[in-house]
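Visitor: Please read through the structure below; I'll follow up with questions.
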Amino acid sequence: QVQLVESGGGLVQPGGSLTLSCAASGSTLSFYDMGWYRQAPGKQRELVAYIISGSRTNYADSVKGRFTISRDNAKNTVYLQMKRLKTEDTAVYYCNVIPNASWGQGTQVTVSS
């Protein structure tokens, strides 16, 4: 079964940028549709971006134009590039295959001045 490890989170000021990474082991990510999700305190986990076979992508309205999901099959890694971050982007970010497998630990993104 595929195992996923997220990294790249941190504290950033509003308007800043971060790039998250999702490294896989146990399977080849190119076989899967992949999604980035986030869960803010007191809220349900939500899908913010996904990439399906090939490179077709889709985004939640709240991040459209600011976030970019991509994959590097040679590195077995999926990325989430986040620009023009807002305080409301603060959350724990997770990646997962679609349909979902087990969840990893996620990576915390905090947007604050």
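The values are calculated or read from the model by the stated rules, or taken from the named source; none is laboratory data. What you see is a predicted model; the values in this text were computed from it and never measured. Please note that ligands, DNA and RNA were not included when accessible areas were found on the heavy atoms of the full protein model with its side chains. Shrake-Rupley method; radii C 1.70, N 1.55, O 1.52, S 1.80 Å.
Visitor: In terms of modelled amide H atoms, which long-range or inter-chain residues lie less than 5 Å from the amide H of THR90?
Guide: Amide H neighbours of THR90, under 5 Å, 5+ apart: VAL111.
Visitor: While we're looking at this one, here's another question. In terms of modelled amide H atoms, which long-range or inter-chain residues lie less than 5 Å from the amide H of PHE67?
Guide: LYS83
Visitor: Taking 0.36 nm per residue of sequence separation and subtracting the Cα-Cα distance, how much length would be gained by fully extending the chain between THR68 and SER30, in nm to one decimal?
Guide: On the way: separation 38, 0.36 × 38 = 13.68 nm, distance 1.74 nm.
Contour length minus Cα-Cα distance gives 11.9 nm.
Visitor: Which whole-Hz ³J(HN,Hα) couplings does region 15-32 yield from phi under the Karplus relation 6.51 cos²θ - 1.76 cosθ + 1.60, θ = phi - 60°, glycine and proline marked x?
Guide: x, x, 9, 8, 10, 8, 10, 10, 9, 10, 9, x, 6, 9, 5, 5, 6, 10
Visitor: Would you kindly calculate the translational diffusion coefficient of region 37-113, applying Stokes-Einstein with the Kirkwood radius from alpha carbon pairs, for 10 °C and a viscosity of 1.306 mPa s, and quote it in µm² s⁻¹ without decimals?
Guide: Taking Rh from Cα pairs, D becomes 120 µm²/s.
Visitor: Can you work out the accessible area per residue across the chain, with the rest of the protein chains kept in place, probe 1.4 Å, in square angstrom? Each step should come with its number before you reach the end.
Guide: Working: 6050 Å² over 113 residues.
About 54 Å² of surface per residue is accessible.
Visitor: To continue, here is another question. In region 22-78, what percent of the accessible surface is made up of carbon and sulfur (1.4 Å probe, ligands and nucleic acids excluded)? Write down the numbers at each step before the final one.
Guide: Values: 1440 of 3120 Å².
Looking at region 22-78 in its full context, I get 46 percent from C and S.
Visitor: Right, something else. Treat region 1-82 as a sphere of radius equal to its Kirkwood radius over Cα pairs and apply Stokes-Einstein at 37 °C in a medium of 0.692 mPa s; give the translational diffusion coefficient in µm²/s, rounded to a whole number.
Guide: Numbers: Rh = 13.4 Å.
Once the numbers are plugged in, D ends up at 244 µm²/s.
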